[in-house]
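A quick write-up on the structure given underneath.
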Amino acid sequence: MNSPYDATGLLMRSGQAGASQVTNPGKQWLATFASLAVGTSFFALWFWLLPSWLEFRVEPMGVAPWRWVGAVPSVLGFAVAVRCIWDFGWTGRGTPAPIAPPRRLVVVGLYRYVRNPMYVGFFAGWTGLWMVFGRATLSAIAIACAAVSGVALFVQLYEEPTLRKLFGVEYDEYCKNVPRWLPRMHAWTK
């Protein structure tokens with residue numbers, strides 16, 4: 001394509017994926033709002049389900065002081081997830097939900113370091129909350145392992161093939177340069 005515009009009408013600058021200027025800011029804000037709404041719903045669902053499954057006990061005064069260290073990865077992890085939800089809407093003009101995926105491959109911010117920063121952020125957030133409020137029972141550990149395994153399988157069997165069909169060579173190049181779960185030391189630039 002010789003035009004400076006990609007298929008969604010975004011003007012590409014400096015050849016970097018994700019660096020763009022929108023020709024219709026109203027649609028960009030609508031997509032970002034939709035992404036945040038979907039992300040909030042996802043957060044709410046898991047905050048409703050996981051605490052009972054992981055045997056959380058919310059007794060802030062009864063928690064051993066060392067366990068509050070878990071608040072750091074929790075806050076940072078959930079902040080990472082929220083930032084990624086924002087990027088899905090603002091840059092990708094879509095949501096994290098498979099029914100309304102981004103129209104553009106999101107390769108900005110934390111996505112330049114790891115392909116799945118939203119999942120990594122959620123994992124860190126829940127691990128931190130579990131440190132503070134959870135109980136390490138056999139059933140809670142089994143549920144946590146099943147959830148992590150389910151996410152890994154979902155990514156490998158559904159998300160990655162779907163992204164490969166949607167974005168083709170661009171996604172293949174991204175996969176070759178950015179790891180799935182463990183972040184790179186330096187941001188990837190195209």
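Quick one: count up the residues across the stretch 80-103 that are part of a loop (DSSP other than H, G, I, E, B) and out of contact with any Cys (no Cβ under 9 Å at 6 or more places or on another chain). It would help to see each step written out before you state the result.
As a first pass, look at the stretch 80-103 and keep what is part of a loop (DSSP other than H, G, I, E, B): 91-103.
With out of contact with any Cys (no Cβ under 9 Å at 6 or more places or on another chain) added as a condition, the list becomes 91-95, 97-103.
Selection size over the stretch 80-103: 12.
Might you check whether a residue that is assigned to a loop (DSSP other than H, G, I, E, B) and within 28 Å of L166 (Cβ to Cβ) occurs anywhere in the stretch 119-134?
Within the stretch 119-134, the subset assigned to a loop (DSSP other than H, G, I, E, B) is 134.
Applying the additional criterion that residues be within 28 Å of L166 (Cβ to Cβ) yields none.
Taking every residue of the stretch 119-134 in turn, none turns out to be assigned to a loop (DSSP other than H, G, I, E, B) and within 28 Å of L166 (Cβ to Cβ).
With respect to C145, is the statement that it is open to solvent by 30 Å² or more (accessible area, probe 1.4 Å), within 21 Å of F42 (Cα to Cα) and either at pLDDT 90 or above or aromatic (F, W, Y) (or both) true? Against the criterion (open to solvent by 30 Å² or more (accessible area, probe 1.4 Å), within 21 Å of F42 (Cα to Cα) and either at pLDDT 90 or above or aromatic (F, W, Y) (or both)), C145 qualifies.
Checked across the stretch 44-67, the condition of being open to solvent by 60 Å² or more (accessible area, probe 1.4 Å), in a helix (DSSP H, G or I) and at pLDDT 75 or above holds for at least one residue.
Does V106 meet the test of being at pLDDT below 95, β-branched (V, I, T), under 27 Å from T32 (Cα atoms) and part of a helix (DSSP H, G or I)? Against the criterion (at pLDDT below 95, β-branched (V, I, T), under 27 Å from T32 (Cα atoms) and part of a helix (DSSP H, G or I)), V106 does not qualify.
Yes or no, residue by residue, for (1) basic (K, R); (2) open to solvent by 30 Å² or more (accessible area, probe 1.4 Å); (3) without any contact (Cβ under 8 Å) to a residue 24 or more places away in the chain; (4) more than 28 Å from V75 (Cβ to Cβ):
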site	(1), (2), (3), (4)
F123	no, yes, no, no
T127	no, yes, no, no
A136	no, yes, yes, no
F154	no, yes, yes, no
G168	no, no, yes, yes
D172	no, yes, yes, yes
V178	no, no, no, no
M185	no, yes, yes, no
W188	no, no, no, no
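The values are calculated or read from the model by the stated rules, or taken from the named source; none is laboratory data. What you are looking at is a predicted structure, and each value in this text was computed from that prediction instead of being measured. Note that each Cβ is placed from the backbone with ideal geometry, even for glycine, and that neighbours are counted across all protein chains shown. Surface accessibility is based on the protein's heavy atoms, side chains included, excluding ligands, DNA and RNA. Shrake-Rupley method; radii C 1.70, N 1.55, O 1.52, S 1.80 Å.
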